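The values are calculated or read from the model by the stated rules, or taken from the named source; none is laboratory data. If you're wondering where the values come from, they're calculated on a predicted model, not measured in any experiment. Cβ sites come from the backbone with ideal geometry, for glycine too, and all protein chains shown count toward neighbours.
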Amino acid sequence: MTKIDNETTKSVADLIKIHIDEEQIPLYSENLNTAIDAVNTFSDLDTKDVPITSQTVGTENIMRDDIVEEGFSQEEALTNAHQTKNGYFLVRKVFND
């Protein structure tokens, strides 16, 4: 299995926009590798006789009927907004241009 190196750790940190001090990068790389190794131990298990399942506790039909209810007016919805503009929520941009 390919190990996570320090350059990959720096790239991932940049992608998820977190700052990691240079001296901490080897520790983060080691921790990532430890976590990946732990998950990879599952690939060693013999699961050919284990039935496929999407849940484990036997829950069935937990859906409820949709009930149309009166919602907020635009004015009520914006009452506690930090900022509004032209009747809409105004938020900081998340992505760079």
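Taking interchain pairs and intrachain pairs at least six residues apart, which have beta carbon atoms under 7 angstrom, with the first residue in segment 80-93 and at negative phi and the second polar (S, T, N, Q) and surrounded by 10 or more Cβ atoms within 10 Å (Cβ to Cβ)?
Note: pairs meeting the criteria are L90/Q83; L90/T84.
Evaluate segment 55-68: report whether one residue or more is modelled with pLDDT of 90 or more, of a type outside the set (S, T, Y), in a helix (DSSP H, G or I) and surrounded by fewer than 10 Cβ atoms within 10 Å (Cβ to Cβ).
No, segment 55-68 contains no residue that is modelled with pLDDT of 90 or more, of a type outside the set (S, T, Y), in a helix (DSSP H, G or I) and surrounded by fewer than 10 Cβ atoms within 10 Å (Cβ to Cβ).
From the list E7, E22, pick out the single residue that is surrounded by fewer than 10 Cβ atoms within 10 Å (Cβ to Cβ) and of a type outside the set (A, V, I, L, M).
E22
Which ones in segment 1-15 are at pLDDT 95 or above and basic (K, R)?
Answer for segment 1-15, where residues must be at pLDDT 95 or above and basic (K, R): just K10.
Being assigned to a helix (DSSP H, G or I) and either in contact with a Gly (Cβ under 8 Å, 6 or more places away or on another chain) or closer than 20 Å to F95 by Cα (or both) is the filter here; which residues of segment 1-29 pass it?
K10, S11, V12, A13, D14, L15
Please indicate, with yes or no, whether at least one residue in segment 61-84 is of a type outside the set (G, A, S), out of contact with any helix residue (DSSP H, G or I) (no Cβ under 7 Å at 6 or more places or on another chain) and closer than 30 Å to A13 by Cβ.
yes
Determine, yes or no, whether K93 is assigned to a loop (DSSP other than H, G, I, E, B) and over 27 Å from the mean Cα position of the chain (by Cα).
When the stated conditions are applied, K93 does not pass them.
Note down all Cβ pairs under 7 Å where the first residue falls in segment 16-27 and is at pLDDT 95 or above, the second is basic (K, R), and they're at least six residues apart or on different chains.
Between residues of segment 16-27 that are at pLDDT 95 or above and residues that are basic (K, R), the close pairs are I25/K10.
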